[in-house]
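Read through the structure below, which is laid out as structure tokens, and then see the notes.
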Amino acid sequence: MTDETKKNGPDAAFAEHEAEAAASAFDGAAEENAAEVEVEPDPLDLLRAENSELRDRFMRLAAEMDNLRRRTERDVKDAKSYAVSGFARDMLAVSDNLRRALDAVPADQRAGADATLTTLLEGVELTERGMLSTLERHGVKKIDPEGEKFDPNFHQAMFEIPNPAVPNNTVVQVVQAGFTIGDRVLRPAMVGVAKGGPKTEAAAGNGDA
């Protein structure tokens, strides 16, 4: 307590205390206002952050649009390439019937056939070749795997034939031709495969040892 306070009594002391409290509150408010002023973000920084966010959104949108364009181009290409798949498969059934009609006439009978039968068979053969040629122009190609290694992606094994003269799983007979359209299998070739073929060199070497 100051000497002046002692002279003026309790009221003076109370007034002095109030003045000190008001000054302290004023200083605190001033400090808070100063702090608020200090942490207020810079408008330029806000613009930069917003610009960066917009750029990221644009880049993601551009990537999505590019992916969509590629998917659309691929879908259109597939549609053009494989749109005739169902029709081509039906036409193969017709081609199979033509081939069965030709195979139904033995070779010796064809050799001694009269002019009418010969002309008929030639017409059937021309129709079969023309149909297959038309299908090939639309991307349908014949699979002729005889002598090749069996491939389950393109061939369907119907039976096994004991044949030690060729490697195991070699296609030795084609029961029904297969066909592809573009990169896809339209119909697998039905085949017979060899069983019991020669051993590999490694296996033979191990056997000799």
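A short reminder: the numbers here are calculations on the coordinates, not readings from a lab. These figures come from a predicted structure and were not determined experimentally. Cβ placement follows ideal geometry from the backbone for every residue including glycine, while neighbour counts extend to all protein chains displayed.
Summary of computed values
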{"item": "Local net charge near L68, Cβ-Cβ under 13 Å (Lys/Arg +1, Asp/Glu -1)", "result": "+1"}
{"item": "For region 132-149, 3J(HN,Hα) per residue [Karplus equation, 6.51 cos²θ - 1.76 cosθ + 1.60, θ = phi - 60°, Hz, x = Gly/Pro]", "result": "5, 5, 5, 4, 5, 5, 9, x, 8, 10, 7, 9, 10, x, 4, x, 8, 6"}
{"item": "Net charge of Cβ neighbours under 11 Å - reference E125; Lys, Arg +1; Asp, Glu -1", "result": "+1"}
{"item": "Y82/F159 FRET efficiency (R0 30 Å; Cβ-Cβ; nearest 0.05)", "result": "0.45"}
{"item": "Karplus (6.51, -1.76, 1.60) ³J(HN,Hα), θ = phi - 60°, over region 106-123, in Hz, Gly and Pro reported as x", "result": "x, 4, 5, 6, 5, 5, x, 6, 6, 5, 5, 5, 4, 5, 5, 5, 5, x"}
{"item": "Net lengthening on full extension, A62/E136 (0.36 nm per residue, minus Cα-Cα)", "result": "22.7 nm"}
{"item": "Other-chain or far-sequence residues with amide H under 5 Å of I143's (modelled H)", "result": "G178, F179, T180"}
{"item": "Residue-count net charge about G178 - beta-carbon cut-off 11 Å; Lys, Arg +1, Asp, Glu -1", "result": "+1"}
{"item": "Rg to Rh, two decimals, where region 66-209 supplies the alpha carbon set and Rh follows Kirkwood", "result": "1.14"}
